[in-house]
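What follows is a single structure, written as structure tokens, with notes after it.
The values are calculated or read from the model by the stated rules, or taken from the named source; none is laboratory data. Owing to the predicted nature of the structure, the values given are computational and were not obtained by experimental measurement. Neighbour counts run over all protein chains shown; Cβ positions are idealised from the backbone, glycine included. Surface accessibility is based on the protein's heavy atoms, side chains included, excluding ligands, DNA and RNA. Shrake-Rupley method; radii C 1.70, N 1.55, O 1.52, S 1.80 Å.
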Amino acid sequence: MDSETFVLLAVSVLVAGSCALLFVVDSRQSLSGRYINLWLTASMLAVLCTASYLAATGLGHPPLVVAVGNGAMVGAVGFVWLGCQAFNGRRIGFWLVVTVVLIVMILTFLPESRGPNWAGVVPKLLSLSLFAVLTAVESRRGLFGSFRVSWAMTIVHALHASYSGARAVVFGLQGPSGDVFERYFNTEITTVINLVFVVVTTLVLVFLRIEELSSRRASGGPGCFTTVRRLWALHRDHPGSVVHSIEIVDLTVVKDAYGVAHANDLVSRLIDSVVQSSPGAQAVASTRRGTVLLLLPHGDGGAEAKVDAAIEDAYWKQSVALVDGYASTLRITTL
């Protein structure tokens, strides 16, 4: 491989690492569910993939390093798909991704007459095409598909699936020395396309979270999600208004037993339940500890009891949809 391709791979490592760092920073800015862990894993696998191919180029393409690169590339796209499934509240196909990754890595060790750098390329490309198609389909479903930026995810993964599938077919028919392959599917062009794919996917996920947060913090409507400080200011400005504190019992126990991502997912579902169940509220806010505050315009015992019951019912329906883990119960008090 020439020096230009080597430099291109080195740049890919830097770009993939920067994208992963961007997503890590973004994921710490607001509440996040378990889907964030899956997307963070995808980011780390993208870095591992590019670093492995760079190392393989310098070491003469040893089978183990090539296998790691192939498996990491397939796993990166697979975990993006898993994150989309988790975002939509669906059961994730974790073992399907793991199985396909292991198969791709094992097939890399088979003898390859076209050279060690092409080991396992057809299974890898077909697997990439498969998971890219699944991601494009999942991005049109459920909550994920309701965001405007989801169209970018659909388009980029559909294009990547088409390119990977076409590259596998051309490679199988002509090999790496064919005219069509050298002109349209060579390593340099593919590296650039993969680079764009990583950048666009990362930006889509970041903008998706920004759009999600913005929709929660939309102002001007009843029951809008706002800051704790703003909620208490509204409470002081509206005599007679009532603040309800809604917390998940034993949330710290849930964090210890099932992880922070699961606990954050529950808090996120609680926020959605409070907003949906209290259209007459003046504001909704969430503390750093996961307690949700609800500001009602006036104290009415009967109306408040109905709102509290609606919140508990909505929270139960949303939390029971979790594939596994503990949902706990709610404690609602008037401050």
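How far apart, in nm, are two points set 7 Å out from the Cα along the Cα-to-Cβ line at Thr287 and at Asn117?
Computed distance between label sites Thr287 and Asn117 equals 5.9 nm.
Which of the lysines could be linked to Lys306 by a straight reach, that is with a Cα gap under 16 Å, when you skip same-chain ones fewer than 8 residues away?
Straight-line reach from Lys306, under 16 Å: no lysines qualify.
Where a Cα-Cα gap under 28 Å defines reach, which lysines qualify for Lys255, not counting those fewer than 8 residues away within the same chain?
Lys317
Given a 1.4 angstrom probe, what's the average accessible area per residue across segment 70-191, in square angstrom?
Per residue, segment 70-191 has an accessible area of 45 Å².
Across every pair of different alpha-carbon atoms, what Kirkwood hydrodynamic radius in Å does segment 52-168 reach?
One decimal place: 14.8 Å for the Kirkwood radius.
Quote the accessible area belonging to Asp308 in square angstrom, nearest 10, computed with a 1.4 Å probe and with ligands, DNA and RNA left uncounted.
Number for this one is 30 Å².
Each residue of segment 93-108 in order: what ³J(HN,Hα) in whole Hz does its phi give by Karplus 6.51 cos²θ - 1.76 cosθ + 1.60, θ = phi - 60°, with x for Gly and Pro?
Going residue by residue, I get x, 4, 6, 5, 5, 4, 4, 5, 4, 5, 4, 4, 5, 5, 5, 5 Hz, with x marking Gly and Pro.
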